[in-house]
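The values are calculated or read from the model by the stated rules, or taken from the named source; none is laboratory data. From a predicted model like this one, the values you see are computed outputs, not experimental measurements. Note that each Cβ is placed from the backbone with ideal geometry, even for glycine, and that neighbours are counted across all protein chains shown. The protein model used for the area step is the full one, side chains on, heavy atoms only, and it has no ligands, DNA or RNA in it. Shrake-Rupley method; radii C 1.70, N 1.55, O 1.52, S 1.80 Å.
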Amino acid sequence: INAEYGGRGRKGARGDKGPTNVAGSPGRTGRPGPQGDTGVRAPNGEQGQQGATGDRGKSGATGESGGCDCVLEEPRGCNCDTHVYAVHSQTSRLPSCPDGFKTLWQGYSLLGYASGEITSSQDLGRAGSCVESFDVMSMMSCDGTGVCRHGVGSDKSFWLMNSDKEDVPLKPMSNMDQILPYISRCSVCMGTNKAVVKHAVGREQPRCDNGFKQMLTGYTYLMAMAQKAGLGQNLNSMGSCLRSPQSPVLLECLGRGTCSVYVDHVDFWLAQDPTRINPGAWGMGVIYSNMKDIKDDG
């Protein structure tokens, strides 16, 4: 049977509302989420206002009465300064520095130079009197034309002699091995103590004043005269205090390269008793013929 479709019918009317459904059971808890990014730091807050002044505290208890048995402390000096001195052994042995001082260098004891009538004297208490090496003539003379001469015959150097040598070298010596045993050795010392030299005109050794300690003892050397050359020591310098009295004191070296002692050398020492009633017949003075008499009575 052949049939044909018919046309679409009309829209039907709206149906009634259906019943409400019952709520389902709660679902499972979900997994934790990832950590969040770090937040931005907040700015510092403003400074608070100063607090009010607190109440005044109670007064302390009254202290005990003070005593009268206080001891005055000794003054303490500031050892901030550095002092440099030279000491001479008057022997072939190198001298040691006083306690509290350290040795800077050691050498040979130089008294000075002379050229013609011009003399340059070295203070035996200062570093310039202790040269590290010995030279018969280390002085050079230069004139205004720029010409210099070394070893001129009229140039002289003077050196402190050793007191332990019994023979006096009156004959000129040119060999260094002969000359050196007669030259005193010396040391240059540095420390923080300042030296004060005290001399006695009596027979007893002078004592140090309160607050001072003894560094060395000796005999008061004033000056020497070698022909027209005069070589003096300052009495406030350690160079005026020699460990041993001796005669002669100096060895003279000439520019031609020889050294010896000359009979016209004169040494001057501080006498023990300048108030002697009888200074000597006819003003000639009291004569001493040996070093023992000089030490005991001179």
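In summary, strands (runs of 3 or more DSSP E) completely within the stretch 137-224 and bearing 3 or more residues that are under 35 Å from the mean Cα position of the chain (by Cα) occur at 155-160, 185-191. For the stretch 110-136, the candidate set comprises residues that are among the polar types (S, T, N, Q) and in a strand (DSSP E or B); within that set, the residue that is farthest from MET225 (Cα to Cα) is SER115. Residues in the stretch 127-151 that are open to solvent by less than 80 Å² (accessible area, probe 1.4 Å), farther than 25 Å from MET223 by Cβ and touching a Ser or Thr at 6+ places or on another chain (Cβ under 9 Å): CYS148 alone.
Per-residue answers, yes or no, for (1) loosely packed, with under 14 Cβ neighbours inside 10 Å; (2) touching a helix residue (DSSP H, G or I) at 6+ places or on another chain (Cβ under 7 Å); (3) of a type in the set (A, V, I, L, M, F, W, C):
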position: GLN90; (1), (2), (3): no, no, no
position: SER96; (1), (2), (3): yes, no, no
position: GLY125; (1), (2), (3): no, yes, no
position: PHE158; (1), (2), (3): no, no, yes
